[in-house]
Structure formats: C-alpha cells, structure tokens
Amino acid sequence: MTSPSHEAEIELLRRRLEEAEETIRAIRCGEVDALLVNASDGDRVYTLEGADHPYRTLIESMQQGAVSLSQDGTVLYCNRCFAEMLRQSQEKIIGAAAASFVEPSQQAGFESLLRQASTTGGQGEFQFQMPGGGRLPVYLALAPLGLRNAVAICMVVTDLTEQKKHQHVQETNHRKDEFLAMLAHELRNPLAPLRSALELLRLSQDETTLHAVRGIMERQIRHLVRLVDDLLDVSRVMRGRIELRKEHLSLDSVVAHAVEESKPLADEQGHKLQVKLPAEPVWVDADPIRLTQIIANLLNNAAKYTKPGGRISLTIEQQDGLAVIRVRDSGIGIAPEMLPHVFDLFSQADCSLDRSQGGLGVGLAVVRMLTEMHGGSIEAHSDGLGLGSEFVLRLPLSRNAKKKETAEWRPSAVGPRRVLVVDDNQSAAEVLSMLLTRCWGHEVLVAHDGQSALEKAKTFHPEMVLLDIGLPGLNGYQVAERLRQQPETIDAVIVALTGYGQDEDRRRSSEAGFDEHLVKPVSVANLEVLFAHARLVGT
C-alpha cells in the first residue's frame, strides 16, 4: 500500500507527462513558425521571436525541460527548466549535441530515437550524465516539428528522480518483507531436526543411531551458525563497525583456511574441489580473517548452487598489479537478468517455496562489502541457467617487496595442562570441561563468576584460562586484568570465549590482557589449534 505522499508524487508525475504531451500537440498544430523562427538557408539558429512572445512564457514556465533540436541532434533552444536539470547555463547548452548529455552507454539508443523522431516521434527513458559525476533519470518525448524551411525536433524532458526513489523504496520494502519471511523459514528449518535429534538421544541407546544423530546435529548447528554470522556481518559492515586488521600475507595460507572451512559443505554434496595455486606465493596486504571469509563464502556459494557430484575450482594468478582469484562451478548458473543483482543485499535467485539451496541471500553481499573495503573488486559471470558460474575476485598486490618469513604451522604434541574454564552458563562450562578432560586429558577446574575464578586461580595455578566476558559481578575484562596482576597467573594464556565478537570487543579484550579472542560457538578444530599453538607455561 502506498502512502498519501507517494500517491501525490505519482499524481504529480502523471500530470507532468500529460503536460508534456499537450505541449507537443500544441507545437505540432501549426504554431511552430511563430515559436521557432529566424531560419535561413545557411546555419540555422532558432530562437523565440521575442521576450514577450506568448509561447515563450508558456515554455519557460513549464516544469519540464523543453528543447528544440536540429535533425542532427544539435540543441537549437532550451528552456530554463532544462538548463537547471543539467546544472548548466542555457547559453552553454544551445549549440551542443544533445547526445553529449546522455550517459555514454545509452548514446547509441538516443541516436536511434532521434532518427525515429524526425518522422514519427518517439519516447523512452534515459540517463543524463551530470557535470562532476552523477546520473539524472529522465523520460524523453520527441516529435517532429513541421517547419517550412527546415526539419527540427521538439523534445520534452521529465525528471524521473522522485519516481525512481519511490520505486526503489517499494522494491526495498518488498525485498525486506521477502527476506523476513525467508529468515523465519531458514531459522525454523534446522530447529526441527535438532529437536527430533534430541528426542532420539533421550530414547535410544543404540550406538549406530547415536552416531547418526550426532552427525545431524553437527550439520544443523553449523547451518545455524552460518546464518547468524551472515546477519551479524551485514549489520557490522553497514554500520561501519568492522575494522580491517591488515597483514602482509600470502594467499596460499588464506586459501588453505578457506578450503578447510568450506570443505564440509562440499563433501556433504559430493563435489570435486580442485585448487590451483601459482608456483610463487602471491602477496597481498589484507585482513587474514576477513579475506578467508570472502573466499570461503564464494566456495560455499558454489557448493550450494551446484547439484550433487559437481565440480568446483579455485585458481590464483597475477595480472596487471592485481591478485586474481577465480571460483568456478558446474552449478545451476545465473540468469542474465539476475547477473546485475547477485551482490545486492537479500538478493537470491531461488525464490521458490522449496528453496532447496537455502541461505539468506546475504553471503555475496558480504563478499562485495568486504572486498571493496580491501580496495578490490568482485564480478560474477555466467553463460545462463544450467551452465555454471564464475566469480572473479581482484585485490591489489602488496607494495611491500620484502616477503615476510612465515613459519609453517604444525600441531605440536601438547601434554595434559591445567585449564580454568570460567562461564556463567553452567551447561556450556560442563560440556567444555568434559571435552577437555575426557577427550584430551587436561586437568580442568570450573568457575561460574569472576570472583570465584580469581580465588580458584590462586590455588589451581592454571596454564590456560578459557574466560567468558559476560559474567555476573566482575566481567571478563576485569577478571583478565586482575589475573595479569596475580603472580600465579601473570604468564597464563588467557583466551576470551564469548558471544561478543565485534572489533571493539576484540580491541577491549586485547587491552585487558587476553591472548586470544574466540567467538562462540567455537569448533573443536579451533580449540585443537588453540592448544597446539598456545605458548603454555612449561612448553
């Protein structure tokens, strides 16, 4: 439903179009010679006969642009409204080629309309390019002028800016409503199997069943985490809450982490993933976490929109001072009309009820936002539906000629450690404690608030502290600061294990004395890496 203000805007635009048509009809009904005179056999310059000419008053008072053109498209006359549209003086416009005001990619279409207008007239929507940049959407109505001694064309120009704004608002609201319905659908989808899986865990003791149920729960939880992460990332980028922490790094390591993240989804679909890297490392200055996210999103997108058993490839090359990363797939492809919109927020090719690919349609929007923050660009290509797609990511190569030596990360053998787990969520603390003790053999002590954590640390002497930030009483930042002041824990590895994951939260945790900042839910793989590479006391 449109608002009263929008209806008034539409009505105003409708009246303006009718006025344009009336003006053209009046000009074509025999008043042309009085309006456009001073034609000669040489160079023709057409002006209104005098300042007091009645038609001059009419045309100068129009709320649309009025222009007379020679047959070749030269501006012979324009009213004040047209000059104001173009933000130029009438004197500068008269004598110029009308096509020069049209956006370059549309100039051929305008020339075609001009040829048609000299005989039968015509109309169409175009974009005028403005001085200093910017585009002005306009509706052009052209008609031939039947002069005795010359051929000329009348052009009435209507500014469509307000109409386009209204259309954009309507489209945005429509897409927002579709997205909210999609979000509710996508969030409910994994909850149903999770609830059923919990019932199976309660009722069944069969080892085969339990193993299958665990696999189901892991997949659905990963899906939920991806949905929430995508939503949070869009919100952070749009509010300017993401701060890039650039490093001088090789794309090899970033691709390795991205493939590791996206491999479970590719394996689940039975896809063949091929990665081709150049012989020499390709160096860029980028945020390793965000660049990994960009590439992983592209790989996940390829896996989602490729039928089971498909092919996905990732290649890296250098071209003209840029690192070029290509992700190709043998998937469902992209329809030509969708190509310009694949990176739009909440845009998704599959709007059917079954929505077999799932997702919120924000992953590629996040890719574009983060890519542009790195000074790069991203493009999508496809030959059409069923013919696969290709995404081409371009990033500036590092200007730092000196290549930083990078040590290869290899998990080292880590013996049992003393670990203090601090979390007011008792269930979360209990599960984490069971994992650390039963699976990895660490000695674990649990605390559920900041004060008790400080007291237990004095006697337990933990080598690592897994510390939640949102604690009752003393928060995690305060606890970390005090742990750094206690001789028993001054050298302990303190890790934030929290739901707070914005850049500001990471900055505060670093200032408070945390060594690492992990955002819940943390995967077992990340915990393994943490324990393998943390510089623990006695290591």
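The values are calculated or read from the model by the stated rules, or taken from the named source; none is laboratory data. On a predicted model such as this, the values are computed, not experimentally measured, just so you know. Every residue, glycine as well, gets a Cβ built from its backbone with ideal geometry; the counts of neighbours run over all protein chains shown. Heads up: the accessible areas ignore ligands, DNA and RNA and are worked out on the full protein's heavy atoms, side chains in. Shrake-Rupley method; radii C 1.70, N 1.55, O 1.52, S 1.80 Å.
Here are the numbers for the structure shown:
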| item | result |
| --- | --- |
| Sole exception among (1) farther than 28 Å from Gly501 by Cβ; (2) modelled with pLDDT of 90 or more; (3) open to solvent by 60 Å² or more (accessible area, probe 1.4 Å) for Ser356, by number | (2) |
| Test: residue in segment 75-93 that is part of a strand (DSSP E or B), open to solvent by 50 Å² or more (accessible area, probe 1.4 Å) and not hydroxyl-bearing (Ser, Thr, Tyr) | no |
| Pair list, Cβ under 6 Å, 6 or more apart: segment 441-452 residue of a type in the set (Gly, Ala, Ser), other residue in a loop (DSSP other than H, G, I, E, B) and open to solvent by less than 60 Å² (accessible area, probe 1.4 Å) | Gly450/Leu471; Gly450/Leu474 |
| Failed item in (1) assigned to a strand (DSSP E or B); (2) open to solvent by 60 Å² or more (accessible area, probe 1.4 Å), with Leu140 passing the rest | (2) |
| Residue count, segment 272-322 (criterion: outside any helix (DSSP H, G or I), open to solvent by 20 Å² or more (accessible area, probe 1.4 Å) and over 22 Å from Glu247 (Cβ atoms)) | 14 |
| Residue ID - modelled with the lowest pLDDT, chosen from residues in segment 419-445 that are exposed (fewer than 15 other Cβ atoms within 10 Å of the Cβ) and either on the phi > 0 side of the Ramachandran plot or touching a Lys or Arg at 6+ places or on another chain (Cβ under 9 Å) (or both) | Gly441 |
| Criterion violated by Ala98 - all others in (1) open to solvent by 40 Å² or more (accessible area, probe 1.4 Å); (2) modelled with pLDDT of 75 or more satisfied | (1) |
| Tabulated pairs, segment 122-147, first over 19 Å from Ser70 (Cβ atoms) and hydroxyl-bearing (Ser, Thr, Tyr), second open to solvent by 40 Å² or more (accessible area, probe 1.4 Å) and part of a strand (DSSP E or B), C-beta under 6 angstrom, 6+ apart or interchain | Tyr139/Glu125 |
| Residues (part of a loop (DSSP other than H, G, I, E, B), more than 30 Å from Ile332 (Cβ to Cβ) and at pLDDT 65 or above) located in segment 384-418 | Ser398, Arg399, Asn400, Gly415, Pro416, Arg417 |
| Residue within segment 424-435 that is without any contact (Cβ under 8 Å) to a residue 40 or more places away in the chain and farther than 19 Å from Pro521 by Cα present | no |
| Members of segment 205-219 that are open to solvent by 40 Å² or more (accessible area, probe 1.4 Å) and closer than 21 Å to Lys263 by Cα | His211, Ala212, Arg214, Ile216, Glu218, Arg219 |
| Residue match in segment 264-287 (condition: within 24 Å of Val524 (Cα to Cα) and either touching a residue at least 60 places away in the same chain (Cβ under 8 Å) or basic (Lys, Arg) (or both)) | yes |
| Residue tally, condition closer than 21 Å to Val522 by Cα, surrounded by fewer than 21 Cβ atoms within 10 Å (Cβ to Cβ) and charged (D, E, K, R), over segment 446-496 | 1 |
| Qualifying strands (runs of 3 or more DSSP E) (wholly inside segment 450-539; at least 1 residues being modelled with pLDDT of 90 or more and more than 31 Å from the chain's Cα centre (by Cα)) | 464-467, 493-498 |
